[in-house]
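The values are calculated or read from the model by the stated rules, or taken from the named source; none is laboratory data. These numbers come from a predicted model, not from an experiment. Note that we place each Cβ from the backbone using ideal geometry, even for glycine, and neighbour counts take in every protein chain shown. With ligands, DNA and RNA removed, areas are computed over all heavy atoms of the protein, side chains included. Shrake-Rupley method; radii C 1.70, N 1.55, O 1.52, S 1.80 Å.
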Amino acid sequence: MSSIPPDDTIPEGDDLVAAEYVLGVLPEPQRREVARRIETDKSFARLVARWQEHFDPLNDQFAPATAPHYLKGAIDHRLFGTETSLPSIPLWSSVNFWRGLAFATLALAVIGFGRDLIEPSTPKPQLVASLEAAGSPVRTLAIYDDPTKKLKMTLVSGDIPQDKSLELWLIAGNEAPVSLGLLKSPQVTEFDLPQAVATKLRDGTTLAISVEPIGGSPSGAPTGAVVAAGTVRGI
C-alpha cells in the first residue's frame, strides 16, 4: 500500500484508487473489484473511509438537479456512435468536463486536507461495508463511527427512485431484519442509531437495501427487491 501523500501532491496507488472509488469515477469492473477488496483488506478500507470523511463536506455545496432532456441522446452517441441529430452539448454534460472536475476536486481535497492525512488524529473505532447486488445499479458505501453512533451511507452509483423509497436494514445473524431508516439523499444519508440497535452492528453483520413504497415498508419487514447488500467489517 502506498504511503499517505504530502499536502502538495496528488495521491498515487491505493490512495488514488480509494479516492476515485469514493468520487464514483472508476469503471464498473474496477468498482466491483474495489468493493470486494473493502471487505477483505482492512488497511485499504481505512483509506476509503478516510477519503469518504474528507469528501463529505463537499456534498453540502451541491443540490440535486434534473438532467437535461438531451443528455441520454448525447450519452448514446458517445457510447454507441448513433447518427441521430444531437443538439449542442453544453459544458456540464461533457464526460471530459466531469472527469476533469472529479480530479480537480480530488486535488483540492489533497491540498486542503493533506495536513490531516500526514498527521492524523488518533483513529476511532469504525465499521465499513460496501453494498451491491448482481444486476443492480445501486452501490453504496457505509461507514459507522461507534463513539458518535452515526452511520453514514453514501450512494456511490444508482439513483433513489422518485416513486419508491430505498430502505436500509440491519441483519444480525438469524435475527429478523431491523429497519435503520430511508436513504434520503443522492449523496450522503446519516443515521443516528439507538444504543440497542448500535450493539447489533458489528463485524460480520449484514446491511441490505430494499425497494419499498414511499415512506418505507408498511409491515416493518422488507417487502420489495433487495438492490444492495454487504457485510460489515471492522477497521
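Points worth noting:
- LEU166 open to solvent by 10 Å² or more (accessible area, probe 1.4 Å), assigned to a strand (DSSP E or B) and within 26 Å of LEU23 (Cα to Cα): no
- Filter pass, GLY224 being in contact (Cβ under 8 Å) with a residue 12 or more places away in the chain, in contact with a Lys or Arg (Cβ under 9 Å, 6 or more places away or on another chain), open to solvent by less than 40 Å² (accessible area, probe 1.4 Å) and not in a strand (DSSP E or B): yes
- Of all residues making up segment 185-209, the number that are surrounded by 13 or more Cβ atoms within 10 Å (Cβ to Cβ) and of a type outside the set (Val, Ile, Thr): 12
- Filtered residues of segment 179-221 (kept if outside any strand (DSSP E or B), closer than 17 Å to GLN162 by Cα and of a type in the set (D, E, K, R)): LYS184
- Index of the failed condition, ASN174 passing every other in (1) outside any strand (DSSP E or B); (2) touching a strand residue (DSSP E or B) at 6+ places or on another chain (Cβ under 9 Å): (2)
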